[in-house]
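> Below you'll find the structure I mean.
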Amino acid sequence: MYDATQAETVTIGGHGGDRIEAYLGRPLGPGPYGAVVVIHHLPGYDRETKEYVRRLADAGFLVLCPNLYSREAPGASPDDAAALVRAAGGVPDERLVGDVAGAAAYLREMTSSNGKVGVIGHCSGGRHAFLSACNLDLDAAVDCYGAFVTGTVPDDFPLAVTPVVDQAPKLSCPVLGMFGNDDRYPSPENVDELEAELTRLGKPHEFHRYDGAGHGFFGADRPNYRPEAAVDGWAKILDFFRRNLV
Amino acid sequence: MCTYLTVKADMEGSGKGAQGWFPVTDASVYVDHPVHAPFGHTVNVDFLNPALGAGARVAVELTEESARALAGALLAALDAAPPGLASASATPPPGH
């Protein structure tokens, strides 16, 4: 079986037609392949996120991760860019949706695309993945421990981060949720609330919750890494994408 | 968790970053995941000059204990020095 992949930086059209940087991973066969937009976490367009891109490409998907901080910090190291954007209040939701839309359009136009596009994000990217699935025509969405999909944002939080569960009636695709039971943001109660709402609305969803795991359990370079949960979680993510994107 | 909460302060002084010394105009303090320190959460302090770009940054990631020790050390050092010695008003700007 031919298994060559390629990963490289490309330029795509983002929100408002802005030209933004993105990291593309793809199998080099003729396809047709399903595609995935990877939304990086608040700490930025970093090495770990690029590894997710390559892993998904190796699994047989066209994968694109837009650098959400391209505008504020072109060429900066990921941690410096993240600090700058964080200090400026984060990424506006509308711009995030526009950047994911641009990434999805880029993927659909690739000659080896089968036309289907999913989205995945961790942490702040989990909320962003849910938000994208509520505002764009997608085929699958994976929310890995996204905070503030449900719940209450504390009053003293200066960012314009608001819960997005009220947008759930607009969900365009099935949702896979991956959560750690020791997490506080989102807490198990926040996850219960989301699951109940999706059930009430009749929206297809599949949630997996791991004991002994907290926030960020997929992050192999961090102390919160939980290999049992992460290994099982990756298998479920790939299975979900294969069922919905292939 | 991503707390998102950032406490900011205006700064007058200098810092030494990856490209050498630069004037520091802003500081950001936040409790969140560190990039490098081997802990789930740390108190992160960035000394910045946004006008010079994202790379004009001196970053530290400290445990809660370390951050409190640093805050105490800053106040202790100031208390031990003559009042106003390090004040911006003690050194007139050039031309005065």
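> Anything in region A:69-82 that is in contact with a helix residue (DSSP H, G or I) (Cβ under 6 Å, 6 or more places away or on another chain) and crowded, with 20+ Cβ neighbours inside 10 Å? List them, or say none.
The answer is A:Tyr69, A:Ala73.
Okay, residues lined up against (1) among the polar types (S, T, N, Q); (2) more than 9 Å from chain A (Cβ to nearest Cβ); (3) touching a Ser or Thr at 6+ places or on another chain (Cβ under 7 Å); (4) free of Cβ contacts under 8 Å to residues at least 60 places away in the same chain:
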{"site": "B:Ala9", "(1), (2), (3), (4)": "no, yes, no, yes"}
{"site": "B:Phe39", "(1), (2), (3), (4)": "no, no, yes, yes"}
{"site": "B:Val43", "(1), (2), (3), (4)": "no, yes, no, yes"}
{"site": "B:Glu61", "(1), (2), (3), (4)": "no, yes, yes, yes"}
{"site": "B:Ala69", "(1), (2), (3), (4)": "no, yes, no, yes"}
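> Has region A:190-205 got at least one residue that is at positive phi, outside any helix (DSSP H, G or I) and more than 14 Å from chain B (Cβ to nearest Cβ)?
Of the residues in region A:190-205, the ones at positive phi are A:202.
When the remaining residues are screened for being outside any helix (DSSP H, G or I), the result is A:202.
Restricting the remaining residues to those that are more than 14 Å from chain B (Cβ to nearest Cβ) gives A:202.
Yes: one or more hits.
> Hey, among A:Val85, A:Val97, which residue is under 29 Å from A:Asp166 (Cα atoms), surrounded by fewer than 23 Cβ atoms within 10 Å (Cβ to Cβ), within 12 Å of chain B (Cβ to nearest Cβ) and of a type in the set (Val, Ile, Thr)?
Matching residue, one of A:Val85, A:Val97: A:Val85.
> Let me ask something else about it. Filter region B:45-58 down to the residues that are at the interface with chain A (Cβ under 7 Å from one of its Cβ atoms) and under 18 Å from B:Leu70 (Cα atoms) and list them by number.
B:Asp46
> Take region A:66-82 and flag every residue that is within 20 Å of the chain's Cα centre (by Cα) and either hydrophobic (A, V, I, L, M, F, W, C) or away from every other protein chain (no Cβ under 14 Å) (or both).
Correct list: A:Pro66, A:Leu68, A:Ala81, A:Ala82.
> When you look at B:Val31, is it more than 11 Å from chain A (Cβ to nearest Cβ), under 17 Å from B:Glu65 (Cβ atoms) and surrounded by fewer than 20 Cβ atoms within 10 Å (Cβ to Cβ), yes or no?
Yes; evaluated as a whole, the condition is true for this residue.
Yes/no per residue for (1) out of contact with any helix residue (DSSP H, G or I) (no Cβ under 9 Å at 6 or more places or on another chain); (2) surrounded by 20 or more Cβ atoms within 10 Å (Cβ to Cβ):
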{"residue": "A:Val161", "(1), (2)": "no, no"}
{"residue": "A:Asp192", "(1), (2)": "yes, no"}
{"residue": "A:Ala196", "(1), (2)": "yes, no"}
{"residue": "A:Leu201", "(1), (2)": "no, no"}
{"residue": "A:Arg209", "(1), (2)": "no, no"}
{"residue": "A:Phe217", "(1), (2)": "no, yes"}
{"residue": "A:Pro223", "(1), (2)": "yes, no"}
{"residue": "A:Ala229", "(1), (2)": "yes, yes"}
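> Return yes when B:Ala59 is outside any helix (DSSP H, G or I) and either touching a Leu at 6+ places or on another chain (Cβ under 8 Å) or among the β-branched types (Val, Ile, Thr) (or both) and no when it is not.
No; evaluated as a whole, the condition is false for this residue.
> Within region B:1-52, which residues are in a strand (DSSP E or B) and of a type in the set (S, T, N, Q)?
Once the filter is applied, which keeps residues that are in a strand (DSSP E or B) and of a type in the set (S, T, N, Q), region B:1-52 yields B:Ser14, B:Thr25, B:Ser28, B:Thr42, B:Asn44.
> Give region A:144-165 a look and list any residue that's away from every other protein chain (no Cβ under 14 Å) and modelled with pLDDT of 95 or more, or say none.
Passing the criteria: none in range.
The values are calculated or read from the model by the stated rules, or taken from the named source; none is laboratory data. If you're wondering where the values come from, they're calculated on a predicted model, not measured in any experiment. Neighbour counts are summed over all protein chains in view; Cβ atoms, including those assigned to glycine, are modelled from backbone coordinates with ideal geometry.
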